[in-house]
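A.B. asks: Sharing a structure, written as structure tokens. Questions coming.
The values are calculated or read from the model by the stated rules, or taken from the named source; none is laboratory data. Computed from a prediction, not measured in an experiment: that's the story for all the values here. Note that we place each Cβ from the backbone using ideal geometry, even for glycine, and neighbour counts take in every protein chain shown.
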């Protein structure tokens, strides 16, 4: 699932990615987030997380709140990443109107342990189910001050202390890789939006010292949707500037 405008701006497109990375049977799924602005594909801002559930067993909610000042990614109502727009980012922050895409594509050249395991097309066709898609925001031509205020004050766009605490808990338990602590990839360059407070928890190549992939048995019978949908999720979704898909 992604927001992109590559069809309109093929040479300097913006992009916000939410990618579920498959794995070998019995091993954890991962989710990857990324942010590009103005064609900055040579400066990828990837983060990868181990999912605490098997996303194929039941629907889950994935959301992106994109405003002029930040991009926030959510899983089941809990924020997992906040990219705050820093002046030094310049055009690397997505700022042009984007469309929403939901696709399945073969990323096994890199996604599964560096490309060690390829997609087995004997199991094709592959399918993904989407429901309760919510899109809201200001029109590309501008919605005026009232719309801008609605975007900036929407529930998912406002990061409260409680939300940031929940985000830190998720990241301590599930963050597998972050470009913010990868000192090799860009020859020691640290992106301006990065918080260096967690550096001691990561290797110099960006991988976590605390979290590592392995073989984890997911529960085959997870809580019913009605029970779990409300856990950690606000009572209402924001009315502006968000993307959500269950």
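A.B. asks: I'd like to verify a number: residues in the stretch 169-194 that are closer than 24 Å to residue 87 by Cα and under 17 Å from the mean Cα position of the chain (by Cα), how many?
C.D. replies: Here the count works out to 5.
A.B. asks: To continue, here is another question. Please determine, by comparing only the residues of the stretch 29-49 that are in contact (Cβ under 8 Å) with a residue 60 or more places away in the chain and part of a loop (DSSP other than H, G, I, E, B), which one is surrounded by the most Cβ atoms within 10 Å (Cβ to Cβ).
C.D. replies: The selected residue is 45.
A.B. asks: Exactly one of these conditions fails for residue 76: (1) under 29 Å from residue 184 (Cα atoms); (2) crowded, with 17+ Cβ neighbours inside 10 Å. Give me its number.
C.D. replies: (1)
A.B. asks: Let me ask something else. In the stretch 7-28, which residues are in a loop (DSSP other than H, G, I, E, B), buried (at least 18 other Cβ atoms within 10 Å of the Cβ) and modelled with pLDDT of 90 or more?
C.D. replies: Across the stretch 7-28, the qualifying residues are 13, 14.
A.B. asks: Something else now. Please state which of the following conditions residue 58 fails to meet, knowing it meets all the rest: (1) closer than 27 Å to residue 151 by Cα; (2) in contact with a helix residue (DSSP H, G or I) (Cβ under 8 Å, 6 or more places away or on another chain); (3) surrounded by fewer than 19 Cβ atoms within 10 Å (Cβ to Cβ).
C.D. replies: Looking at each condition in turn, residue 58 falls short on (1).
A.B. asks: Just to check your reading of the model, which residue among 109, 127, 122, 157 is at pLDDT 90 or above and farther than 23 Å from residue 37 by Cα?
C.D. replies: The conditions single out 122.
A.B. asks: Here are the criteria: (1) modelled with pLDDT of 95 or more; (2) farther than 16 Å from residue 173 by Cβ; (3) touching a helix residue (DSSP H, G or I) at 6+ places or on another chain (Cβ under 8 Å). Tell me which single one residue 71 does not satisfy.
C.D. replies: Among (1) modelled with pLDDT of 95 or more; (2) farther than 16 Å from residue 173 by Cβ; (3) touching a helix residue (DSSP H, G or I) at 6+ places or on another chain (Cβ under 8 Å), the lone unmet condition for residue 71 is (3).
A.B. asks: Right, next: So, in the stretch 111-134, exactly how many residues are in contact with a strand residue (DSSP E or B) (Cβ under 6 Å, 6 or more places away or on another chain) and closer than 30 Å to residue 69 by Cβ? Spell out how you get there, then give the answer.
C.D. replies: The initial filter retains those residues of the stretch 111-134 that are in contact with a strand residue (DSSP E or B) (Cβ under 6 Å, 6 or more places away or on another chain), namely 111, 130, 133-134.
Those still in the list that are closer than 30 Å to residue 69 by Cβ too: 130, 133-134.
Total satisfying the criteria: 3.
A.B. asks: Based on what the data block shows, is residue 84 surrounded by fewer than 18 Cβ atoms within 10 Å (Cβ to Cβ), modelled with pLDDT of 95 or more, in contact with a strand residue (DSSP E or B) (Cβ under 8 Å, 6 or more places away or on another chain) and on the phi < 0 side of the Ramachandran plot?
C.D. replies: Working: surrounded by fewer than 18 Cβ atoms within 10 Å (Cβ to Cβ): yes; modelled with pLDDT of 95 or more: yes; in contact with a strand residue (DSSP E or B) (Cβ under 8 Å, 6 or more places away or on another chain): yes; on the phi < 0 side of the Ramachandran plot: yes.
So residue 84 fits the description; yes.
A.B. asks: Looking at 79, 52 in this structure, which one is within 17 Å of residue 167 (Cβ to Cβ), in contact (Cβ under 8 Å) with a residue 60 or more places away in the chain, in contact with a helix residue (DSSP H, G or I) (Cβ under 7 Å, 6 or more places away or on another chain) and not in a strand (DSSP E or B)? Even if it seems obvious, please write down each step before you answer.
C.D. replies: Values: 79 fails: not in a strand (DSSP E or B).
Only one candidate qualifies: 52.
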